[in-house]
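The values are calculated or read from the model by the stated rules, or taken from the named source; none is laboratory data. All values derive from a computational prediction rather than experimental measurement. A quick note on method: Cβ atoms are made from the backbone with ideal geometry, for glycine too, and the neighbour counts reach across all protein chains shown.
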Amino acid sequence: MHLLNLGILAHVDAGKTSLTERLLHTAGVIEELGSVDAGSTTTDTLALERRRGITIKSAVVSFPLDGVTVNLIDTPGHPDFIAEVERVLGVLDGAILVVSAVEGVQAQTRVLMRTLRRLRIPTLVFVNKIDRRGALGDALLRRMARALAVPLVPMGRPAALGTRAARFLPGLGPQALDTLADQDDELLAAYLDGGVPHDRLHTALAARTRQGSVHPVYFGSAVTGAGLPELTEGIERLLPTADGDPDGPLSATVFKIERGPAGEKVAYARLFSGTLRIRDRVPFGTGPAEHPTGDGRTARRAPEDGPEERRTTDGRAPEPVGGHRPVGGHREEGRVTALTVFDRVLDERRESAGPGRIVKVWGLGGIRVGDALGLPATPRGHHFAPPTLETVVVPGPGTDGRSLHLALGRLAEQDPLIDVRHDERRRETSVSLYGEVQKEVIQATLADEYGLDVTFRETTTLCVERPAGTGHAVEFNKKDANPFLATVGLRVDPAPAGSGVGFRLEVELGSMPYAFFKAVEDTVRETLGQGLYGWRVTDCTVTMTHAGYSPRQSHAHQRFDKSMSSTGHDFRGLTPLVLVEALRRAGSLVHEPLHRFRLQAPADTLGALLPVLARLGAVPETTATHAAHGVLEGIVPAARVHELGQRLPGLTRGEGELETAFDHYAPITRGTPPRRARTDHNPLNRKEYLLNVTRRAGD
């Protein structure tokens, strides 16, 4: 039996969860259709999802087709939960993008299609709600082609639109041949020679769909079941199934973490290669399984006070060997105590699972979202912007601060982009957000699952810092005012926008215990969470240029003095001082998040809208008029999006429609850059930092 891991994605309210319900019913997995409005759907299992009628967490169910077992992953549609979608994308073989026949292409539809295309995930498009009043057919297809800018192949046409009798009439028309011939020279030649046989056209369609270069379009209704037989046939015949060697090395990716009834961690993982068995000891993490040293040996993680591997005479490392090289990631090991695979609606216990399976794994206590089991799969990187908003969580009467911090930590392990930040000085805890709906969900979750009453302060914008140039700093072991038994030299260089933080070595990896390099890298990433202005520093490469340590002395009849040898504490303590000095010399620029907006309103209201947009810092880039409506597109600061949405109804007689999505970060050039309060030991102030870290000031 072949396996297919299929994601369903859509803008909120396009009918994604209803389509999941209909697919399960069509396959005979469930006897009765659940309803989103009634809170009775199979995949929306959280009480909060049922109350609000939206998907918040991804859910996995399985159903059989004739020759394929489909693991179906229902994802959230609301943009506030885009991080949940991102984690799912890395484990998919194919996807269905759902578009409403009434609302058409919406902001999230564009974002999702761009990402699916970039990742080359084979995708079918399902136009839902053809039975609803106002549903469009050919006109919507033309709009989709313009708005999504991708090759679409209609698999038929809808009939009786906007009525309960609406149905889908299958059949490839001339547009399918035109689209495929544009991408296939042999097909074009056959077309010009007199025609293309039907079988050959379908073969070409399947090949191009599996490559992610064309997207078949189906019309139908998840409520009535119209178009569902044709869609399920397309799932089976046009999308690629999973592959992988069951006898190969273990490789899997964790895309979801939840807690079991006893509080134990349960990891959802997609297997790409190898076989996972109960009682296996499994390495997991985000770094390489092994670390090649400079002299060809293999170094596993060394203890902090590990043995000397190679000495230097002046506190410097030898010249670099092999150029820049990464060091990275946490690696741990755990024993699998239980394993389940998905079979229809339920997950069932198994002794083992092979490639293509989505499994739930127990026993890996330190597991995190994004970790690899065994060998890392090919990384797909980040596809969506990080959160651009932040709010302070205010404990209500009777809410214990420690319990709140623990609960927020549990939420953050399920969603790593909920960055929990605790300020000891102000005794405040803040969390990062995508939007106001997510804030409401966090509040309700804390109340329902943890019995904690909280409120929030006003949401603020999260900026980032980027290096303005290159800066270098170094401190040597036992020299000058360095109180740590360590040599650390770091160079900070700007990197392309969106590249994140890279860490490289210009020193030989074998020049000191690997644990010390690991301590430096981990501390670099942690320190960059707060730059010169207190914002997260991104889009830079940090290179370690100098390294040295004091090894253990083991002479006969001489007592070992631990205080004279280096530990991981020395490297963790020194690295922030060196890094912020390098960053100081490089300089940094504060960047604010900007959203792209599309605003549709009655044409006669544009005159009143434009001055308001200007006052909010929005910059319209294009203006168009369609019949009685005008459309403005442009850029607006993320900090003003909420206010724009609130003011829009009054300015447009309630007829205005606003779509926004994160676009990019831009440097703040007006006035003094905003600062964010620090929550660390403040390495910008050496004396204060040393007092906090070593309890004594350096000379």
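Matching residues to (1) at pLDDT below 90; (2) more than 28 Å from residue 260 (Cβ to Cβ); (3) of a type in the set (Phe, Trp, Tyr); (4) in the same structural domain as residue 272 (by TED's automatic domain parsing):
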residue: 306; (1), (2), (3), (4): yes, yes, no, yes
residue: 315; (1), (2), (3), (4): yes, yes, no, yes
residue: 325; (1), (2), (3), (4): yes, yes, no, yes
residue: 329; (1), (2), (3), (4): yes, no, no, yes
residue: 347; (1), (2), (3), (4): yes, no, no, yes
residue: 359; (1), (2), (3), (4): no, no, no, yes
residue: 380; (1), (2), (3), (4): yes, yes, no, no
residue: 395; (1), (2), (3), (4): no, no, no, no
residue: 402; (1), (2), (3), (4): yes, no, no, no
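Please name all residue pairs, on different chains or six or more residues apart, with Cβ atoms under 8 Å, provided the first residue is in the stretch 157-186 and is in contact (Cβ under 8 Å) with a residue 40 or more places away in the chain and the second residue is part of a loop (DSSP other than H, G, I, E, B) and among the hydroxyl-bearing types (Ser, Thr, Tyr).
Short answer, once both residue conditions are applied: 164/224; 166/221; 166/224.
Here is a yes/no grid of residues against (1) polar (S, T, N, Q); (2) surrounded by fewer than 22 Cβ atoms within 10 Å (Cβ to Cβ); (3) more than 20 Å from residue 29 (Cα to Cα):
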| residue | (1), (2), (3) |
| --- | --- |
| 189 | no, yes, yes |
| 199 | no, yes, yes |
| 227 | no, no, no |
| 233 | no, yes, no |
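Say whether the condition of being touching a His at 6+ places or on another chain (Cβ under 9 Å), under 16 Å from residue 216 (Cβ atoms) and either touching a residue at least 40 places away in the same chain (Cβ under 8 Å) or not in a helix (DSSP H, G or I) (or both) is met by at least one residue in the stretch 141-149.
yes
Among the numbered criteria (1) more than 24 Å from residue 79 (Cα to Cα); (2) crowded, with 21+ Cβ neighbours inside 10 Å, which single criterion is violated by residue 481?
Condition (2) is where residue 481 drops out.
Testing residue 652 on (1) over 29 Å from residue 115 (Cβ atoms); (2) in contact with a Lys or Arg (Cβ under 6 Å, 6 or more places away or on another chain), one condition comes back false. Which one is that?
Residue 652 satisfies every listed condition except (2).
Please verify whether residue 679 is outside any strand (DSSP E or B) and either surrounded by 17 or more Cβ atoms within 10 Å (Cβ to Cβ) or within 26 Å of the chain's Cα centre (by Cα) (or both), treating the condition exactly as stated.
Answer is yes for this residue.
Has the stretch 131-138 got any residue that is in a helix (DSSP H, G or I) and out of contact with any Asp or Glu (no Cβ under 7 Å at 6 or more places or on another chain)?
The answer is yes; a qualifying residue exists.
Is it the case, given these coordinates, that residue 632 is in contact with a strand residue (DSSP E or B) (Cβ under 8 Å, 6 or more places away or on another chain), modelled with pLDDT of 90 or more and farther than 23 Å from residue 461 by Cα?
Working: in contact with a strand residue (DSSP E or B) (Cβ under 8 Å, 6 or more places away or on another chain): yes; modelled with pLDDT of 90 or more: yes; farther than 23 Å from residue 461 by Cα: yes.
The answer is yes for residue 632.
Quick one: which of 55, 123 is at negative phi and either modelled with pLDDT of 95 or more or outside the structural domain of residue 152 (by TED's automatic domain parsing) (or both)? Steps first, answer last, please.
On the way: 55 fails: either modelled with pLDDT of 95 or more or outside the structural domain of residue 152 (by TED's automatic domain parsing) (or both).
Just a single option satisfies the conditions, and that option is 123.
Which ones in the stretch 216-261 are acidic (Asp, Glu) and assigned to a strand (DSSP E or B)?
If the condition is that a residue be acidic (Asp, Glu) and assigned to a strand (DSSP E or B), then 258 is the only one that fits.
When the residues of the stretch 16-43 are narrowed to those that are under 15 Å from residue 344 (Cα atoms) and among the acidic types (Asp, Glu), which ends up modelled with the highest pLDDT?
Out of the qualifying residues, it is 21.
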